[in-house]
Structure formats: structure tokens, C-alpha cells
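To start, the structure under review is shown below, and the notes come after it.
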Amino acid sequence: MKITRIWHGITNSEYADEYLKYVEETGLSDYRNVDGNLSAKILRRIDKDKCHFLTVTEWDSYESIKKFAGDDFEKARYYEEDKKYLLEFEEKVAHYETFEY
């Protein structure tokens, strides 16, 4: 069984491209460098003056997620520059057991 981890963030639309590049260089880069990470994707939706981002990552276990997120693996992990872009800071991420057929 795989575990899918989903984080959500919102920026102003004017920062959509800049923040996408920033997330690619920070979060996605960090995800890919953790043993047990199986995939990493960014979903982006611009809705008028706001832009929603989802990072969707797949992992081989909760233990692997802890290598990235720490023992409190349900807590969202933020980077210093996020303060420049994000309109809010959600405390938790969502985890789903993932089944493929």
C-alpha cells in the first residue's frame, strides 16, 4: 500500500508563476531526495485573483514521510520564503491510503 500526501496553499494570482518555480526548487526537490518518495506533482488552479496549489506526493510508508516531515508528519512543512507568497498557512496536510488496480 502507498500513502499519498496532499498539501494545499493559496497565493495571489500575480505570484502564480514565481511561486510555482519556488515550490519546484524547494519542496519538490526535497521530496525527491528522500528515500521512499515514489512521485511528486504540483497541481495549480488560478481562480480570479487567487491561485491554489496542491503538492501531491506518493510514499512507500509513513516512516518515509517522517524522513521528510519529521515525527509530527501530519503537520505542514513550510519554507522561509513561503511568507512572501502564501496568504494563509494551513496547519495540517492530508494523508490517504492509496490503492492502484
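Counting only other residues whose beta carbon sits under 11 Å from that of Lys2, what net charge do I get with K and R as +1, D and E as -1?
Cβ neighbours under 11 Å give a net charge of -3.
Please give the per residue accessible area of the chain, computed with a probe of 1.4 Å over protein heavy atoms only, in Å².
Values: 6280 Å² over 101 residues.
Spelled out: the 1.4 Å probe surface of the chain, per residue, equals 62 Å².
Please give the length that would be gained between Leu87 and Thr26 if that part of the chain were fully extended, namely 0.36 nm times their separation in residues minus their C-alpha to C-alpha distance (nm, one decimal).
Extending this stretch completely gives an extra 20.1 nm.
For region 23-76, what relative contact order do you get, as a whole percent, if you take Cα pairs closer than 8 Å and at least 6 residues apart? Please report the intermediate quantities before stating the final value.
Working: 61 pairs, mean separation 16.5, N = 54.
Relative contact order comes out at 31 percent.
Counting Lys and Arg as +1 and Asp and Glu as -1, each charge on the Cβ, what is the dipole of the chain about the Cα centre in debye, to the nearest 20?
160 debye
In the chain, carbon and sulfur make up what percent of the accessible area (probe 1.4 Å)?
Values: 2930 of 6280 Å².
On the chain, the fraction of accessible area on carbon and sulfur atoms equals 47 percent.
Going by average Cβ neighbours within 10 Å, how do the peptides 53-60, 84-91 rank, with the highest at the top?
53-60, 84-91
From a point 7 Å beyond the Cα of Glu18 in the direction of its Cβ, which residues of region 44-70 have a backbone N at a distance under 17 Å?
49-53
Across region 23-39, in residue order, what do the Karplus-derived ³J(HN,Hα) couplings come to in whole Hz, using 6.51 cos²θ - 1.76 cosθ + 1.60 with θ = phi - 60° and x for Gly and Pro?
Karplus values, whole Hz, x for Gly and Pro: 5, 4, 7, 9, x, 5, 4, 5, 3, 5, 8, 9, 4, x, 7, 9, 6.
Subtracting the Cα-Cα distance from 0.36 nm times the residue separation, let me have the gained length for Asp72 to Ala94 in nm, one decimal.
Answer, rounded to one decimal: 6.7 nm.
The values are calculated or read from the model by the stated rules, or taken from the named source; none is laboratory data. Note that the structure is predicted; figures quoted are calculated from it, not measured. Cβ atoms come from the backbone with ideal geometry, glycine included; neighbour counts cover every protein chain shown. Side chains are part of the model used for accessible areas, which takes the heavy atoms of the whole protein and leaves out ligands, DNA and RNA. Shrake-Rupley method; radii C 1.70, N 1.55, O 1.52, S 1.80 Å.
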